[in-house]
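Engineer: What follows is a structure written as structure tokens; I'll ask about it next.
The values are calculated or read from the model by the stated rules, or taken from the named source; none is laboratory data. Computed from a prediction, not measured in an experiment: that's the story for all the values here. For neighbour counting, all protein chains shown are included, and Cβ atoms are generated from backbone atoms with ideal geometry for every residue, glycine included.
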């Protein structure tokens, strides 16, 4: 039975997918690079990536769905700071969508399956089966997208499409249908360009188009659950959730086309950008209410405050000090208090002399006490507290 691929592509694009391609369920050529990345320990604290079961599934996609014979790879372009009037600096563009992309893809892929069932005529007694994924299973998604003809992997590790740049989110539909694969994308169009490597504040981009996660701002502000290493505080700058810097400087993104029909272009974006002061003042309930349907929930309230405190310390905005000192004096998390102390040390500790003395009388955590003592010693505020 010949399946009309072009009809399927047209139908799923009507649903809001910017790109669609077909590929086999065979092992992907990029697995060796991934395996070497794991062996080098570049996955930082994401230990789930190094589990034997997930490595096995990445080595052979068929393990995710044994009866699968084809994969439909889907991509949807999303609005960025380059084409949005409402952008909160320091938050990655995808995280400013009005809904978590996982939820959006789950609903859209379900509709796509219904469409495919109508496009593909019934054959035999057994109905076709489908399984959908979007950053929800151990799949080498970008390598699969390359093999489905959607683009190439850039030097920053992002999938780049000639029309939409790298402002794309990916989903996959595994199916028992046998569909002729598309031709893989053959060329790497980065050439001699080094802009993403040169622009990365933490130098986390590696020569093999992978990242050292332990130095990546996106990892540090999203997946990392403990203190951000102090040596990376200043390079992080004003980033509070994710990072688009390597994408913003990419020449392919500067001329990327917008897709007004995309799933994500149809969603509302953040229409009231947060100031850093407002971001610091969000309590746990407000955080959950504000970001309930957002990817930002993944950082958690404590992670969010930790990130905002690093940004505050880098801001040189002394007007933030009363908020930061209040967090230092009363937040329940020692991790948050440690970052608040760092932020004070990089703004104007002298103006908070008496407050720092008072905090030292009640602070029970030795790690926080040590930071405050260091601040006071360096600033000459008093002798080291006993």
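Engineer: Just give me the residues in the range 327-339 being assigned to a helix (DSSP H, G or I) and either touching a strand residue (DSSP E or B) at 6+ places or on another chain (Cβ under 6 Å) or under 16 Å from residue 302 (Cβ atoms) (or both), in sequence order.
Structural biologist: So the first thing to find is which residues in the range 327-339 are assigned to a helix (DSSP H, G or I), and the list is 327-330, 334-339.
Residues satisfying the conditions are 327, 328, 330, 334, 335, 336, 337, 338, 339.
Engineer: Let me ask another. When you scan the range 62-74, do you find a residue that is within 30 Å of residue 224 (Cα to Cα) and either under 23 Å from the mean Cα position of the chain (by Cα) or assigned to a strand (DSSP E or B) (or both), even just one? Walk me through how you get there before you give the answer.
Structural biologist: Just the residues of the range 62-74 that are within 30 Å of residue 224 (Cα to Cα), to begin with: 63-64, 73-74.
With either under 23 Å from the mean Cα position of the chain (by Cα) or assigned to a strand (DSSP E or B) (or both) added as a condition, the list becomes 73-74.
Yes, the range 62-74 contains a residue that is within 30 Å of residue 224 (Cα to Cα) and either under 23 Å from the mean Cα position of the chain (by Cα) or assigned to a strand (DSSP E or B) (or both).
Engineer: Here's another thing I want to ask about it. Can you confirm whether residue 128 is crowded, with 22+ Cβ neighbours inside 10 Å and either closer than 22 Å to residue 67 by Cα or assigned by TED's automatic domain parsing to the domain that holds residue 310 (or both)? Steps first, answer last, please.
Structural biologist: Values: crowded, with 22+ Cβ neighbours inside 10 Å: no; either closer than 22 Å to residue 67 by Cα or assigned by TED's automatic domain parsing to the domain that holds residue 310 (or both): yes.
No.
Engineer: Within 28 Å of residue 210 (Cβ to Cβ) and in contact (Cβ under 8 Å) with a residue 60 or more places away in the chain - does that describe any residue in the range 114-130?
Structural biologist: If we filter the range 114-130 for residues that are within 28 Å of residue 210 (Cβ to Cβ), which is where we start, we get none.
No, because not a single residue in the range 114-130 is within 28 Å of residue 210 (Cβ to Cβ) and in contact (Cβ under 8 Å) with a residue 60 or more places away in the chain.
Engineer: If you don't mind, another one. At pLDDT below 80 and surrounded by fewer than 17 Cβ atoms within 10 Å (Cβ to Cβ) - does that describe any residue in the range 355-373?
Structural biologist: no
Engineer: Please enumerate the residues belonging to the range 243-266 that are touching a helix residue (DSSP H, G or I) at 6+ places or on another chain (Cβ under 6 Å), farther than 23 Å from residue 214 by Cα and outside any helix (DSSP H, G or I).
Structural biologist: If the condition is that a residue be touching a helix residue (DSSP H, G or I) at 6+ places or on another chain (Cβ under 6 Å), farther than 23 Å from residue 214 by Cα and outside any helix (DSSP H, G or I), then 263 is the only one that fits.
Engineer: Quick one: residue 224 ticks every box in (1) under 24 Å from residue 96 (Cβ atoms); (2) over 15 Å from the mean Cα position of the chain (by Cα) except a single one, so which number is it?
Structural biologist: (2)
Here's the yes/no breakdown for (1) at pLDDT below 95; (2) loosely packed, with under 13 Cβ neighbours inside 10 Å:
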residue: 1; (1), (2): yes, yes
residue: 24; (1), (2): no, no
residue: 33; (1), (2): no, no
residue: 45; (1), (2): no, no
residue: 56; (1), (2): no, yes
residue: 64; (1), (2): no, no
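Engineer: Tell me, which residue of the range 75-92 that is part of a loop (DSSP other than H, G, I, E, B) and at pLDDT 90 or above is surrounded by the most Cβ atoms within 10 Å (Cβ to Cβ)?
Structural biologist: Step one: of the range 75-92, the residues part of a loop (DSSP other than H, G, I, E, B) are 78-90, 92.
Applying the additional criterion that residues be at pLDDT 90 or above yields 78, 90, 92.
Values: 78: 26, 90: 22, 92: 23.
The residue in question is 78.
Engineer: Continuing with this model, one more query. Could you check the range 40-52 and list, in sequence order, the residues that are part of a helix (DSSP H, G or I) and in contact with a helix residue (DSSP H, G or I) (Cβ under 9 Å, 6 or more places away or on another chain)? Explain how you work it out, then say what you get.
Structural biologist: First pass over the range 40-52, keeping only residues part of a helix (DSSP H, G or I): 47-50, 52.
If the condition is that a residue be part of a helix (DSSP H, G or I) and in contact with a helix residue (DSSP H, G or I) (Cβ under 9 Å, 6 or more places away or on another chain), then 48, 49, 50 are the ones that fit.
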